[in-house]
Amino acid sequence: MAGEAAMGSVSQLWRYPASSLAGERLDAILVGPAGMAGDRMFGLVDISDNEIARPDREAKWHKVPRIRTRLANDRDLEVAVPDGDWLSAPSVECDRAISAYLGFAASIRPFGRENAPPAYAGPVTAARYTKAPIHLLTTASLARLKALHPDGAADPRRFRPNIVVDMAAVEGSFPETEWIGRKLAIGELLLTISEPCRRCGFTIIAQDGFEHDPGILRNLVRHNAHNLGVYCTVDQPARVEIGAPMRFV
């Protein structure tokens, strides 16, 4: 695709089949008008009051990002708690495993009947926010955060991006935050950068490989107005693969 010289290339692709649970890393994925295929189709609720998981707000949900998820055939959800087997979800067996892990009764439920498996007749839930189609993050911004907070783990998993672009660090800058309103091409995918991604308490929570760290959010508040990464709308859907070049158009 014609345009400016490539600024970087895709190094990671992620989707999050169940909101707040661990994501699934992929080598390639179809991006449609609403975002990545299979992204945020399910939620986790407290059965006692139907409250949806809020790791950013309540300590009882802090273990949720360690629960793994994946989709078979881009549709069928499978879930595994730490040291547990993969289980089909939604199901009684899966809910039992998650409840035992969390220490209270919890349940995986589809976001609306449209995301439910064909044979599923159980309860559904609603997403607690309207997700942006694409969340993009560059390694340049992660490098800037690491420079500000050398002892912290600036791991992409803290920030739950869909697309991570590897690009050279820009001294003193979180570069994509300065691109609001610009159009990008990632391979054949065309995006418009719509707004910065404002960070919350989710970013400080421990996950496998890194510890609880309030300094992550503290530095983003001080040095980038709470933000890291950007949200994008989709102008031209396409399949995206690792290594796809990114450029302005």
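Bear in mind these aren't lab numbers, they're just calculated from the coordinates by the rules spelled out. In this text the structure is predicted, and so the values were computed from the model without any measurement. Because the Cβ atoms are built from the backbone with ideal geometry, glycine has one as well, and the counts that use them run over all protein chains shown.
Please compute the length gained on full extension between residue 221 and residue 73, using 0.36 nm multiplied by the number of residues separating them and subtracting their Cα-Cα distance.
Working it through step by step, the gained length comes to 49.3 nm.
Quick check: from the Cα gyration tensor, does the chain come out rounded (a/c under 1.5), prolate or oblate?
Taking the square roots of the gyration eigenvalues as a ≥ b ≥ c, the chain is oblate.
Local charge sum around residue 217 (other residues, Cβ-Cβ under 12 Å, Lys/Arg +1, Asp/Glu -1)?
+3
Show me the ranking of peptides 43-53, 82-92 by mean Cβ neighbours inside 10 Å, starting with the highest.
Put in order of decreasing packing, that is 43-53, 82-92.
For the chain, give the magnitude of the charge dipole about the Cα centre (Cβ charges: +1 Lys/Arg, -1 Asp/Glu; no others), in debye to the nearest 20.
Here the size comes out at about 480 debye.
Counting Lys and Arg as +1 and Asp and Glu as -1, what is the net charge of the other residues whose Cβ lies under 14 Å from the Cβ of residue 143?
-2
Using θ = phi - 60° and the Karplus relation 6.51 cos²θ - 1.76 cosθ + 1.60, list the HN-Hα couplings for the range 34-43 in order, rounded to whole Hz, with x at every Gly or Pro.
9, x, 6, 4, x, 7, 6, 8, 9, x
Please give the calculated 222 nm ellipticity per residue for the chain, where each DSSP H segment of at least 4 residues contributes -39500 (n - 2.57) and the sum is spread over every residue; nearest 500 deg cm²/dmol?
Mean residue ellipticity, 222 nm, calculated: -4000 deg cm²/dmol.
Using the alpha-carbon centroid of each, what span in Å lies between the range 16-48 and the range 211-228?
24
Show which lysines lie in cross-link reach of residue 60 when reach means a straight Cα distance below 26 angstrom and same-chain residues fewer than eight apart are skipped.
Correct list for residue 60: 131.
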